[in-house]
Amino acid sequence: MVAEIDSYTYYSDSPDILHSVNEWRELDKKHLHIKIDLPEGWPKKLTGLHVWTGEELRRNPEKYKYYFTLGDLSEIHNAVKKFKQLGLPLQKVGKENFKLGSLGSKLEGFSEDLYKGIGVRLLRGFNIDDYDEQERLIAYLGISSYIGDIRDAQGLNRALTHIKSIAHVPKEERAPIGVSQQTTDPQMYHSDFGGDIVSLFVLGTPANGGESLISSTYSIYNYLAQHRPDIIKVLTSPEGYKRKGFPEGAPLIFYENDELITSFSTRNFIGFGEIPRDKSYPLISSEERDAVGGFNAIAYKYTLETDLQKGDIEYVNNLINQHCRKGYVEDEDHRRHLARLWLRNSKYTFLLKLPQEIKEKRDQFFPVEYEQEIPLNELEEDEIKVKSGADSIDKIYAKPK
């Protein structure tokens with residue numbers, strides 16, 4: 001639990017290794033801004049719809065925010081009712097058995113914008129108190145099937161995971177905490193391990209904090225390309241950030257086919273919580289530390305901050321944007337609880353020309369067909385981890401069967 005909600009700006013996922021925002025800003029003031037060239041083939045400035053700032057979206061909320069109409073809610077209610085009558089398991093929810101009329105067409109349009117536009121969409125106005133625990137997930141899975149018809153596994157065959165702190169549960173009664181979704185701490189900016197689109201469904205809100213933060217990787221790049229091209233060089237180095245799967249190193253950002261793509265998460269080479277880093281790989285260098293800190297700090301500069309409400313459904317393009325959250329405080333009556341999906345839309349995903357490093361990882365870990373697990377809550381999910389002996393990042397993110 002954090003002492004102050006606003007302590008996000010002082011936070012680092014690994015305080016002894018990575019810089020917080022304020023630490024990096026102080027270091028940046030002392031940095032000798034020697035003019036160097038960008039890596040060969042990398043643009044001086046990126047343009048297009050993927051370039052945006054949080055301030056721009058706050059001034060024009062219609063670009064990313066949608067409020068369900070009474071007609072939409074009626075369509076969802078009827079679709080949930082009809083799916084339940086089929087007697088099928090949650091794994092079977094899809095467009096073919098969760099029929100949405102005009103809302104379905106709107107959602108398909110949102111999916112296209114998530115791939116080709118700003119890559120952010122917030123749906124608001126779904127009253128989850130009208131539904132029981134299972135019905136809520138039926139609705140979420142059904143609505144999301146119009147955004148992405150492929151649900152990527154999130155380790156241990158979990159097509160859906162729960163983001164809820166279990167830090168208060170005694171260690172002997174749960175699996176080790178190795179991901180920030182199981183704590184109340186703030187996060188650093190990152191892109192998730194899998195999925196074109198990351199989605200969150202708000203089932204419960206904390207007493208205070210927990211705001212969602214999203215930032216355009218394109219805008220972050222433009223700032224760094226102009227002011228700190230040395231950071232771009234470090235992040236694009238094929239010999240940098242050695243980790244599991246990349247013992248010789250691999251970039252964290254890629255530019256191919258006029259597209260900027262990120263695979264940006266520190267956990268693989270830093271570790272997290274009760275699962276420390278893999279010491280068979282070297283600790284990151286001071287330059288690599290500076291680059292991660294700078295990327296994080298500038299992401300915060302352009303952030304879109306949203307105070308999530310119960311029933312909100314958020315979709316973020318995981319390849320062109322970065323996301324994180326502020327820390328939060330909860331009590332017995334106010335616990336933050338989100339369900340998460342990693343999605344791909346077959347209409348667009350197979351048209352993506354991904355860097356080889358990302359493509360190989362995706363092909364290995366995210367088959368279209370696998371034995372999906374849909375835990376109803378965080379306790380059912382932790383049972384899956386305990387039964388699987390998930391005491392390391394490798395085991396938590398095991399290949400789907």
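The values are calculated or read from the model by the stated rules, or taken from the named source; none is laboratory data. Note that the structure is predicted; figures quoted are calculated from it, not measured. Glycine gets a Cβ as well: all are built from the backbone with ideal geometry, and neighbour counts include every protein chain shown. Ligands, DNA and RNA are excluded from the accessible area calculation, which covers all protein heavy atoms including side chains. Shrake-Rupley method; radii C 1.70, N 1.55, O 1.52, S 1.80 Å.
Couplings for region 189-197, taken from phi via the Karplus curve 6.51 cos²θ - 1.76 cosθ + 1.60 with θ = phi - 60°, read 4, 6, 10, 6, 4, x, x, 6, 10 Hz in order; Gly and Pro are left as x. For the pair region 110-184 / region 343-374, the C-alpha centres are spaced 18 Å from each other.
For Glu256, the residues whose amide H sits under 5 Å from its own are Ile261, ignoring neighbours fewer than 5 places away on the same chain, with H placed 1.01 Å from N. Counting Lys and Arg as +1 and Asp and Glu as -1 over every other residue whose Cβ lies under 15 Å from the Cβ of Gly87, the net charge comes to +3. Each of Asp185, Asp149, Asp307 has its accessible area taken with a 1.4 Å probe; listed largest first, they run Asp307, Asp149, Asp185. Solvent-accessible area of region 38-111 (1.4 angstrom probe, protein heavy atoms only): carbon and sulfur portion equals 54 percent. Remark on the chain: hydrodynamic radius 21.6 angstrom, per the Kirkwood mean of 1/r across alpha carbon pairs. Rounded to the nearest 10 square angstrom, Ser280 shows an accessible area of 90 square angstrom against a 1.4 Å probe.
I want to make sure I understand the PRE zone here: with the label point 7 angstrom from the Cα of Thr47 toward its beta carbon, which residues in region 210-241 have backbone N atoms less than 18 Å away? So the set is 218-223, 225-226. Give, as a single signed number, the net charge of other residues whose beta carbon lies under 10 Å from the beta carbon of Asp185, with Lys and Arg counted +1 and Asp and Glu -1. Neighbour charge sum, excluding Asp185 itself: +1.
Taking all protein chains together and a 1.4 Å probe, the residues Tyr67, Tyr189 rank Tyr67, Tyr189 from largest to smallest accessible area.
Extending 7 Å from the Cα toward the beta-carbon at both Lys301 and Glu26 defines two label points whose distance is 2.0 nm. Computed with every protein chain present, the accessible area of Ile34 is close to 120 Å² [probe 1.4 Å]. Rolling a 1.4 Å probe over the protein heavy atoms gives the chain an accessible area of 44 Å² per residue.
Once the chain from His77 to Ile17 is taken as fully extended at 0.36 nm per residue, the excess over their C-alpha distance is 16.7 nm. From the cross-link list Lys116/Lys361; Lys353/Lys385; Lys99/Lys387; Lys233/Lys361; Lys65/Lys233; Lys244/Lys401, which pairs have alpha carbons spaced over 31 Å apart? Cα-Cα > 31 Å for Lys353/Lys385; Lys99/Lys387; Lys65/Lys233; rest within. Annotation: Glu287 carries an accessible surface of approximately 110 Å², with a 1.4 Å probe and no ligand, DNA or RNA atoms counted. Full extension of the chain between Lys401 and Lys63 yields a length gain of 117.8 nm, computed as 0.36 nm times the residue separation minus the alpha carbon distance. Each label was represented as a point 7 Å from its Cα along the Cα-to-Cβ direction; for Asp258 and Val386 these points are 5.4 nm apart.
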